[in-house]
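Worksheet: one structure, shown below.
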Amino acid sequence: VRPRGGAATRPGRSASRIVSRRYRGRNREQKELKHQEHAETIEDMHADGVHAVELSDKSIKDFVGKDFAFVNFYAPWCVWCQRLAPTWERLAEEVGKFEAETDKHVALNVSVGKVDCPGNPDVCNAHQIRAFPSMRLFKKGEPLGDYRDDRTVEALLKWLKTKVNFDEQMKGWAVDHGAPGAPGAALDLDDHPGCMLSGFVLVNRVPGNFHVEARSAHHEINAALANVSHVVNHLSFGPPVPSNLRRKLGKRYPDFFPGAQALDGGAFIDGGAHEAVHHYIKVVSTHFDVGTFLSGLTSKLSRGAPPPERTVVGYQMVTQSQTMHYHELDVPEAKFSYDLSPMAVAVSSTGKHWYDFVTSCCAIIGGTFTTVGLLDGILHKVLKAGKQL
């Protein structure tokens, strides 16, 4: 996080390459999906019967246990689910027509159903439905994959044919190679690596906040399964400090960097549903007088008096984190609230010249001589008075 007006420096190239290589492609912009419009309403389509089977917690196990089952997990209040409903009903009707074909190359033996998630929360939680609508293909009870393309009957049918034909090809491959089944065909529901956020934000020098939440352009997030547990690899205010300057500053001011990176390395795990960790950060600008021996390293990071080449500005933080609870319809978010203090701290260190050391030694010697002289005079008078008595 970088206050506006501060000098900006680029992060280390090696770190940037590592992040780009490891997370390449995961932050792509979401594709614009095409939604099919229908002249008939869903009620008109139901005039000749309901083709997409309505499932419940009692019937879904047998339904997905068939050869192939395509299930739409939806919420009645979701606008995207409402737009998909006529298309899904039409898809079920078209799949039924394919099932009636006798040509084995045309037949599409897929059962189409739907689940009302608010009405059957246990079912959707068991299948880890994190957004509505979620269209998932099953084979004999095992999930094969989620559909994420255009929401048209044509696109849905094309995807189903591709998946079913691919499965048939994998059966042939398994027979030819003596394998029990197609490798890697099932969808791993436990594989949720999350995402990495990197970069910087320009903020004004006033209290504010930024937050991280799950959001989709074509889905409604299931608040009950929204998990924003996170690890803070690095969070700091101000421009990054070069490694060579950082090393020397660490030796001279060992208490600076722990305060400037108070959240680094922290893992903040949500304890349950409808919970998220919020962070409250008090930021204090700290001016470090580094002296002229670092003038070459600080020229790009200097701020004001004392002379620019002698000062580095850092931002230390005092943090507090706590778990917040959300309403069941609100999507949890990881929130970072910050407050930049109007006051600043100036830190400097001074050394002594050689003649200051000599002067101190002389003062110690002189003080010792004076003290010994006083003690000698007192003892002389006391002993002389005793002899007279």
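The values are calculated or read from the model by the stated rules, or taken from the named source; none is laboratory data. Predicted model only: the values in this text are computed from it and were never measured. Cβ sites come from the backbone with ideal geometry, for glycine too, and all protein chains shown count toward neighbours. In case anyone asks, the SASA skips ligands and DNA or RNA and just uses the protein heavy atoms, side chains included. Shrake-Rupley method; radii C 1.70, N 1.55, O 1.52, S 1.80 Å.
A few remarks follow.
- Of the residues H211, H380, the one with the largest accessible area comes first in the ranking H380, H211, computed with a 1.4 Å probe on protein heavy atoms.
- Model label sites at A267 and H218, defined 7 Å from Cα along the beta-carbon direction, differ in position by 3.5 nm.
- Computed accessible area, H127, all protein chains, 1.4 angstrom probe, square angstrom: 40 Å²
- Separation of the F357 and K384 label points, Cα + 7 Å toward Cβ, nm: 4.3 nm
- For H234, the solvent-accessible surface with a 1.4 Å probe is about 110 Å², rounded to the nearest 10.
- Separation of the T370 and V53 label points, Cα + 7 Å toward Cβ, nm: 10.4 nm
- Heavy atoms of R151 accessible to a 1.4 Å probe, total area in Å² rounded to 10: 10 Å²
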